[in-house]
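Asker: I am attaching a structure below and will ask some questions about it afterwards.
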Amino acid sequence: MTDVKGKWALITGASRGIGYLAAKFMAERGCNLVLHSRTEEHSAKILGEVKALGVDAYAIAADLADPAQVTNMLKEIDAKNTPIEIVLNNAGVQVAYRTEFYETPISDFTTSFQVNTIAPAMICYHYMPKMVERGFGRIVNTTSGIQLDPQQAGYSASKAALDKFTIDIGTKVQGTDVMINLADPGWCRTDLGGQSAPNPPEAALPGVITGVFVNDKKSGRCFAAGNFMGMTIEQAVAHAESNLNSPY
C-alpha cells in the first residue's frame, strides 16, 4: 500500500463535503496538502484542522470555471516549489435539475464541462509529466454514476467526458508507478448532492481515496465508494487490487 507520509497532495474542492473529509483523511496519514477552494477564506477551517495534525499545508484559490484562474493557480503552486505527487480532482458543479429538459440551456453544458472536465484535464496535463519524470504519482478524478437522467444532461455528460479522458490518458502510464483512476462517491448529502441523497458524505470514504493508496500499477479503473463502505483503507486497497482490473 502506498505510504503518503511526507508527500504533497493537491485537493480541489477541499473546503467542504467530500473534499473536506478527504483532506482530513490524508492529513491523518501524514500527507502535506494544498487545499483548493474558490477563495482562500473558504479553506480557513480545514487548513487549521490539518495543520493541527502536524502536516504542512496551505490554501490556494481559483474559480475552476475560469481557465485563466486554473492556470494562475498552477503557476502559484509551482512558484512555491511544491512537488505535487498526488492529485484529488474532487471539485465539481451540478448546475441545475431541468424538469423541462428539452429546454436545457447551452450554459449548463459549457459551465459543467469547464469545471468538471476541462479544469481537471488542465491539472492532469500540468502534473502528469512531472510525476512521470519523478517515477511516482497518483491522480484520482471524481466522476458520477448518474445515467439515464436527461434532467441533468450537462453534469452527466461532463462526467462521462472525464471518464473517457481518464481512461484514455491512463494507457500512457499503465504498468508504471504513476496511476490515474476514477472515484465515484455515490449520491451523498453534500451541497452538490442535496439533502435528499441517501448517504452521508462520510460514506464516500475510504472509496474516494482508495486510488491514492493502491500500489499495483493499474490505471483507468473506477472505484465506486459503495463497494468499500465500512472498510479500513487497508481493506479497501486489498479489495481493489484483488478485484478491480484496468479496462485495457
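The values are calculated or read from the model by the stated rules, or taken from the named source; none is laboratory data. If you're wondering where the values come from, they're calculated on a predicted model, not measured in any experiment. Here the Cβ positions follow ideal geometry from the backbone for every residue, glycine too, while neighbour counts run over all protein chains shown. Each accessible area value is taken on the protein alone, full model and side chains, heavy atoms only, with ligands, DNA and RNA left out. Shrake-Rupley method; radii C 1.70, N 1.55, O 1.52, S 1.80 Å.
Asker: Of all residues in segment 114-153, how many are within 17 Å of residue 13 (Cα to Cα) and either open to solvent by 60 Å² or more (accessible area, probe 1.4 Å) or in a loop (DSSP other than H, G, I, E, B) (or both)?
Answerer: Result for segment 114-153: 3.
Asker: If the requirement is being over 19 Å from residue 208 (Cβ atoms) and without any contact (Cβ under 8 Å) to a residue 24 or more places away in the chain, which of these qualifies: 61, 52? Even if it seems obvious, please write down each step before you answer.
Answerer: Working: 61 fails: without any contact (Cβ under 8 Å) to a residue 24 or more places away in the chain.
Going through 61, 52 in turn, the sole match is 52.
Asker: List the pairs whose first member sits in segment 73-97 and is more than 18 Å from residue 37 (Cα to Cα), whose second member is aromatic (Phe, Trp, Tyr) and assigned to a strand (DSSP E or B), and whose Cβ atoms are under 8 Å apart, counting only residues at least 6 apart or on separate chains?
Answerer: Taking only residues 6 or more apart or on different chains, the pairs are 83/8; 85/8.
Asker: OK, next. Within segment 8-27, is there a residue that is at pLDDT 95 or above, under 20 Å from residue 82 (Cα atoms) and more than 17 Å from the chain's Cα centre (by Cα)?
Answerer: no
Asker: For segment 90-106, check the following and say yes or no: at least one residue is charged (D, E, K, R) and in a loop (DSSP other than H, G, I, E, B). Full working, then the answer.
Answerer: Taking segment 90-106 and keeping what is charged (D, E, K, R), we get 98, 100, 103.
From what is left, the residues that are in a loop (DSSP other than H, G, I, E, B) are 98, 100.
Yes, that holds for at least one residue.
Asker: A follow-up question, please. Could we say that residue 13 is part of a helix (DSSP H, G or I), small (Gly, Ala, Ser) and in contact (Cβ under 8 Å) with a residue 40 or more places away in the chain here?
Answerer: Numbers: part of a helix (DSSP H, G or I): no; small (Gly, Ala, Ser): yes; in contact (Cβ under 8 Å) with a residue 40 or more places away in the chain: yes.
Considered against the rule, which asks whether it is part of a helix (DSSP H, G or I), small (Gly, Ala, Ser) and in contact (Cβ under 8 Å) with a residue 40 or more places away in the chain, residue 13 comes out as no.
Asker: Are any residues in segment 13-37 out of contact with any helix residue (DSSP H, G or I) (no Cβ under 8 Å at 6 or more places or on another chain) and open to solvent by less than 50 Å² (accessible area, probe 1.4 Å), and if so, which ones?
Answerer: 19, 30, 31, 32
Asker: Give the number of residues within segment 206-239 that are touching a Pro at 6+ places or on another chain (Cβ under 7 Å), touching a residue at least 40 places away in the same chain (Cβ under 8 Å) and either among the aromatic types (Phe, Trp, Tyr) or outside any loop (DSSP other than H, G, I, E, B) (or both).
Answerer: 3
Asker: Hey, another quick one. Among (1) in a loop (DSSP other than H, G, I, E, B); (2) surrounded by fewer than 22 Cβ atoms within 10 Å (Cβ to Cβ), which single condition is residue 64 missing?
Answerer: Going through the list (1) in a loop (DSSP other than H, G, I, E, B); (2) surrounded by fewer than 22 Cβ atoms within 10 Å (Cβ to Cβ), residue 64 breaks only (2).
Asker: Do we find that residue 40 is surrounded by 14 or more Cβ atoms within 10 Å (Cβ to Cβ) and closer than 20 Å to residue 202 by Cα in this structure? Write out each step before concluding.
Answerer: Working: surrounded by 14 or more Cβ atoms within 10 Å (Cβ to Cβ): yes; closer than 20 Å to residue 202 by Cα: no.
Criteria not met by residue 40.
Asker: While we're looking at this one, here's another question. Looking at segment 72-84 only, could you name the residues that are out of contact with any helix residue (DSSP H, G or I) (no Cβ under 7 Å at 6 or more places or on another chain) and either open to solvent by 30 Å² or more (accessible area, probe 1.4 Å) or within 21 Å of residue 135 (Cβ to Cβ) (or both)?
Answerer: Applying the first criterion (out of contact with any helix residue (DSSP H, G or I) (no Cβ under 7 Å at 6 or more places or on another chain)) to segment 72-84 yields 72-73, 75-83.
72, 75, 76, 77, 78, 79, 80, 81, 82, 83, listed by residue number.
Asker: While we're here: Are any of the residues in segment 97-106 surrounded by fewer than 16 Cβ atoms within 10 Å (Cβ to Cβ) and modelled with pLDDT under 95? If you could, list the steps in order and put the result at the bottom.
Answerer: Keep residues of segment 97-106 that are surrounded by fewer than 16 Cβ atoms within 10 Å (Cβ to Cβ), which gives 97, 99-103, 105-106.
Adding the requirement that they be modelled with pLDDT under 95 leaves 97.
Yes: segment 97-106 contains one or more residues that are surrounded by fewer than 16 Cβ atoms within 10 Å (Cβ to Cβ) and modelled with pLDDT under 95.
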